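Step one of this worksheet: look at the structure below.
Coordinate-derived values only; no laboratory data. Model, not experiment: these values are computed from the prediction. Don't worry about glycine lacking a Cβ; one is built from the backbone with ideal geometry, like all the others, and counts go over all protein chains shown.
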Ligand SMILES: [Zn+2]
Ligand SMILES: [Zn+2]
């Protein structure tokens, strides 16, 4: 059976500082779920757990008390509205979640926030496309080596424009990641049961001639037995407009079936 696009597990509400949109409410997210016949939606605002310490200035106010303002979440018959977060991986491979991890239904971990300056990246990682490609591998590897509840963890936007300052360099970085390294990483990811994200914001928007480069990691992940979930990464209501069509396009291009779906549990 073909993969059914029936969920969105990566959505920012107005509580994320980069959204800060009074229109991006939980009620608006719920109506997006209803409009698209989704069974499950999850809000994943940016989060750095105060119990970890060492937050950047931007993250310091995005603590548990801030995210918990979203609760209680509005409910609707047949829709599972979950409480999650998008945490952060610091340049020294410290993960921004610890004591509060049990309070979340789902946790998105981004390994590709290469744009966030020296909080997420060491300067030597950003020298050129070769060092960026190595950082892509090392960051994913570091997360997969952690002791985490992988059954409720997703790896966000493994491909996305944040990886390099220009489109050309971004595609170069993706091309430079060795096939065998990807294979080993995704085999480990499949074994751990972590979800791999189909991200509608920038990860899966590409022109036809870029398709093979951008889809290569997902094809290798599928081959390795990884499971996939959809995430719009929406920050504003208008981001909801094309997300389902983008997910559908990815599902078609990757020929995903229901057995390839990440089931949160
Ligand atoms: Zn992100
Ligand atoms: Zn996000």
Q: Go through 204-212, 217-225 and give me the packing order, highest mean Cβ count within 10 Å leading.
A: 217-225, 204-212
**Q.** the chain, relative contact order in percent, only Cα pairs under 8 angstrom and at least six apart counted
**A.** 22 percent
Q: Along Cα→Cβ, 7 Å out, is where each label goes; now give me the distance between the ones at residue 187 and residue 210 in nm to one decimal.
A: 3.1 nm
Q.
Nearest 5 percent is fine: what portion of the DSSP beta bridges confined to segment 1-150 is antiparallel?
A. 15 percent
Q) At what distance in angstrom do the alpha carbon centres of segment 198-247 and segment 94-138 lie from each other? A) 19 Å
